[in-house]
Amino acid sequence: MASSSAAAGSSPRSNQPLVLLKDVNKHFGPLHVLQNINLEVTKGEVVVVIGPSGSGKSTLCRAINRLETIDDGEILIDGKKLPAEGKELANLRADVGMVFQSFNLFAHKSIVENVTLGPLKVKKMKNGAAKELAMSLLARVGVANQADKLPAQLSGGQQQRVAIARALAMKPKVMLFDEPTSALDPEMINEVLDTMVQLAKEGMTMIVVTHEMGFARKAADRVIFMADGQIVEQATPEEFFTNPKSDRAKDFLGKILNH
Amino acid sequence: MDSLTEYFQSYLTALETYNVVGALWVNIQLTFWSALCSLVLGTVLALMRISPVPSFRWAGTAYVNIFRNTPLTIIMVFCILVAIFQLQLNLSSDFNFNFFLWAIVGLSVYHAAFVCESIRSGVNTVPLGQAEAARAIGLSFLPAARLVILPQAFRGAVAPLGNTLIALTKNTTVATVASVPEAAGLMKTMIEFRPDVIMAIFATFALGFVIIVIPIGLVTTWLSNKLAVAR
């Protein structure tokens with residue numbers, strides 16, 4: 001089970017990036033939130049996006065799933081261009097798992113129903129198989145014993161782990177994490193990060209927007225530093241944290257690491 | 001004391017002559033069918049108003065603004081004078097049943113606008129993240145609406161829908177202009193022929209509607225608490 005979802009989907013292609021952004025631009029009114037973003041993420045890579053608030057890192061993450069539209073440029077998932085709307089886009093979204101800051105579990109559905117909804121309604125999986133898949137994923141993130149409760153009855157950390165299971169149930173090619181621990185109480189952050197580290201070790205391709213520098217050091221293959229809508233710097237975590245090149249990155253790290 | 005007994009006696013003879021309960025039963029039937037039809041139509045309209053397609057949104061908005069702002073009496077008279085007499089659009093070959101059906105049409109198209117807005121207020125109780133999560137697992141608009149948004153929206157819309165239902169119940173009396181033999185029409189007849197007990201007649205019909213409407217209010221209040229989505 002563990003390796004099957006991580007390796008799901010894409011056939012081994014000749015070095016084609018799994019996620020490719022070419023000259024992506026986006027404005028919110030007069031604000032240029034994404035400025036000529038170019039980014040390649042290869043299969044199995046774990047990319048951590050960090051940067052100050054308002055730097056456009058969440059928007060970047062959401063644009064890859066087209067929860068935000070872009071003004072121009074191209075986004076390709078596994079070689080396929082993101083379609084505008086409709087059925088095709090829905091299919092493509094199913095290949096891209098998304099974990100939100102505020103969990104966004106379906107409030108009227110039980111934990112297990114949250115996980116089975118996608119497999120049942122999008123993948124047209126049979127009831128029994130979907131339930132089995134859901135239970136194995138819930139066991140993997142350690143909340144199998146909560147399966148019949150409603151989301152509101154779980155702690156934030158548990159809800160976020162269910163949200164990860166819900167995304168994994170679609171056997172995505174890549175997982176997007178949009179500040180997955182920012183809404184959590186401090187004592188619950190680690191249980192979620194542990195799940196994510198585990199996922200990274202299993203070879204899942206991940207793009208993670210986070211403020212958790214510990215996670216970046218531990219699990220990232222590459223750190224991307226964004227500021228003012230631009231990718232200012234990218235490097236291995238080791239290099240980025242010990243020897244940042246740009247002034248913006250030095251300034252940012254100086255503010256968060258001197259404690 | 002004697003005159004009071006006398007008044008009560010004449011009131012009883014009025015009740016024996018005219019079938020008040022039967023007339024109120026017609027109102028209940030009108031309410032039931034119009035509620036059903038306007039719920040279906042209102043849901044479709046609400047879907048149009050939240051859909052990603054601009055022309056659907058435009059059409060839904062136009063419908064709501066036209067029908068919400070038109071007096072029900074005018075819609076009802078239109079159904080009779082234009083639809084039945086001018087255009088000869090008959091929904092039933094039975095003369096009286098035809099009027100009854102057209103009254104339901106008039107009540108439904110009018111209240112659908114209010115139902116639509118009630119459901120939309122329910123949609124507003126559903127956080128945006130719910131729709132985003134639904135889209136993120138690959139559901140397109142209609143499945144996301146059916147499986148995630150509307151089930152929560154209806155729970156949030158119980159109270160405003162209840163208000164609309166109460167308004168509908170009382171508005172069924174407008175069907176009297178469509179010659180449907182319902183309570184308001186009967187009351188007019190009774191007042192015409194039994195002006196001696198006019199106060200009691202008013203009181204009877206007022207009480208009749210209060211008895212019908214109070215349970216609706218109680219049930220919707222209870223339901224809206226019971227069905228509320230825990231977040």
### Query
In region A:65-94, how many residues are of a type outside the set (Gly, Ala, Ser), part of a loop (DSSP other than H, G, I, E, B) and more than 7 Å from chain B (Cβ to nearest Cβ)?
8
### Message
Return the residues of region B:193-228 that are within 18 Å of B:Gly22 (Cβ to Cβ), open to solvent by 80 Å² or more (accessible area, probe 1.4 Å) and not β-branched (Val, Ile, Thr); say none if nothing qualifies.
### Response
B:Phe193, B:Leu207
### Matching residues, region B:127-148, being open to solvent by less than 20 Å² (accessible area, probe 1.4 Å) and more than 7 Å from every other protein chain (Cβ to nearest Cβ)
B:Ala134, B:Ala144, B:Ala145
### Summary
Per the filter on region A:16-57, residues within 18 Å of the chain's Cα centre (by Cα), without any contact (Cβ under 8 Å) to a residue 60 or more places away in the chain and not in a loop (DSSP other than H, G, I, E, B) are A:Leu20, A:Leu21, A:Glu40
### Summary
Here, helices (runs of 4 or more DSSP H) confined to region B:105-202 with at least 3 residues that are farther than 17 Å from B:Leu47 by Cβ are B:128-136, B:158-171, B:183-193
### Message
Can you pull out every residue in region A:199-243 that is open to solvent by 10 Å² or more (accessible area, probe 1.4 Å), of a type outside the set (D, E, K, R), part of a helix (DSSP H, G or I) and under 18 Å from A:Lys43 (Cβ atoms)?
### Response
A:Ala200, A:Ala219
### Query
Is it the case that region A:144-158 has a residue that's open to solvent by 30 Å² or more (accessible area, probe 1.4 Å), within 11 Å of chain B (Cβ to nearest Cβ) and closer than 29 Å to A:Val19 by Cα?
no
#### Entry: Residues of region A:161-197 satisfying the condition of being within 14 Å of chain B (Cβ to nearest Cβ) and open to solvent by 20 Å² or more (accessible area, probe 1.4 Å)
A:Lys171, A:Lys173, A:Glu179, A:Ser182, A:Ala183
### Query
If a residue has to be more than 7 Å from chain B (Cβ to nearest Cβ) and open to solvent by less than 20 Å² (accessible area, probe 1.4 Å) to count, how many in region A:95-108 make the cut?
4
### Task
Mind telling me which of the residues B:Val109, B:Val123, B:Val64 ends up being open to solvent by less than 20 Å² (accessible area, probe 1.4 Å) and either within 14 Å of chain A (Cβ to nearest Cβ) or in contact (Cβ under 8 Å) with a residue 12 or more places away in the chain (or both)?
B:Val64
### Task
Look at region B:1-47 and say how many of its residues are of a type in the set (Phe, Trp, Tyr) and not in a helix (DSSP H, G or I).
1
### Residue tally, condition part of a helix (DSSP H, G or I), over 21 Å from A:Leu199 (Cβ atoms) and free of Cβ contacts under 8 Å to residues at least 40 places away in the same chain, over region A:108-167
8
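The values are calculated or read from the model by the stated rules, or taken from the named source; none is laboratory data. It should be emphasised that the depicted structure is a prediction, and the values quoted were computed from it without experimental measurement. Backbone-built Cβ (ideal geometry, glycine too); neighbour counts: all protein chains shown. SASA here: full protein model, heavy atoms, side chains in, ligands and nucleic acids out. Shrake-Rupley method; radii C 1.70, N 1.55, O 1.52, S 1.80 Å.
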